[in-house]
Structure formats: C-alpha cells, structure tokens
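Reading through the structure tokens given below for one structure.
The values are calculated or read from the model by the stated rules, or taken from the named source; none is laboratory data. Everything numeric here is computed off the predicted structure, so don't read it as measured data. With ideal geometry, Cβ positions are generated from the backbone for all residues, glycine too; neighbour counts draw on all protein chains shown.
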C-alpha cells in the first residue's frame, strides 16, 4: 500500500467565452458584474505533492469530489492520473465541493486520502468565491 501524505492545493479558474474571444483567468476571489455573460464555465485545478516515502512505488493517483460536505465521494478520473495535477471541468456556479486525492500502487491498492480541499464556486451575480480548507 502506498504511504505518505498527498497535499492538495486547488485553485479556481473562470473561463469566459465571447464569440471567438477566449479568456482564462485564475481567480481566488471573484467579484462578477450583474450583467449577463454570453457563456461562462468554471473549473477547479487540483495540484498535489507526490508522497516522499512509500514502501511501494506510486503508479498514479485518483481524484475524488463530494458535493455533500464529504459524506460521499465520487471518483473523477476514469484512468489513473500519472501527474500531480487534475482539472475538474464539471463544477457548477454557486456550488461547494470537497476534493481528496489517493495515491495508487502497481496492484491498484489506494492510500489513505489526502487532506480535504474545500472549494466554493461563485454564483453568477455579484458573488465572491474563496478558496479555503487546504491544510498540510
């Protein structure tokens, strides 16, 4: 079984698409105007440090998300994540999510979960989003 602490460091990205113009801005606190946008989407960018000590080599990672305050988690990735980053493109404005990551060894055995990263996605009108809950 892989050992070691995986520490999540999420950020929120807002993508605004207007015709052919595509702009991405990483934002930790967002104040949006009350004017309607042609198209908006949000994503959460997760990054973590690989475990420094493990008796079994780490083959990759699984990322999990909860939208019920950590009562149940759903695995986000369909294949093992080989890097120490994952972008969740399926978050919704006005929602709060808990994220965890588990390392996976060559036999498919997962580690204990990482710290919980809580991310609040701002709503669409004059909302402020904050990133909180990242611990070491």
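Couple of notes before you dig in:
- Residue in the stretch 96-103 that is assigned to a loop (DSSP other than H, G, I, E, B) and either surrounded by fewer than 18 Cβ atoms within 10 Å (Cβ to Cβ) or touching a helix residue (DSSP H, G or I) at 6+ places or on another chain (Cβ under 8 Å) (or both) present: no
- Residue in the stretch 73-91 that is modelled with pLDDT under 90 and either assigned to a loop (DSSP other than H, G, I, E, B) or farther than 21 Å from residue 123 by Cα (or both) present: no
- Filter result for residue 107 (within 18 Å of residue 43 (Cα to Cα), part of a loop (DSSP other than H, G, I, E, B) and modelled with pLDDT of 90 or more): no
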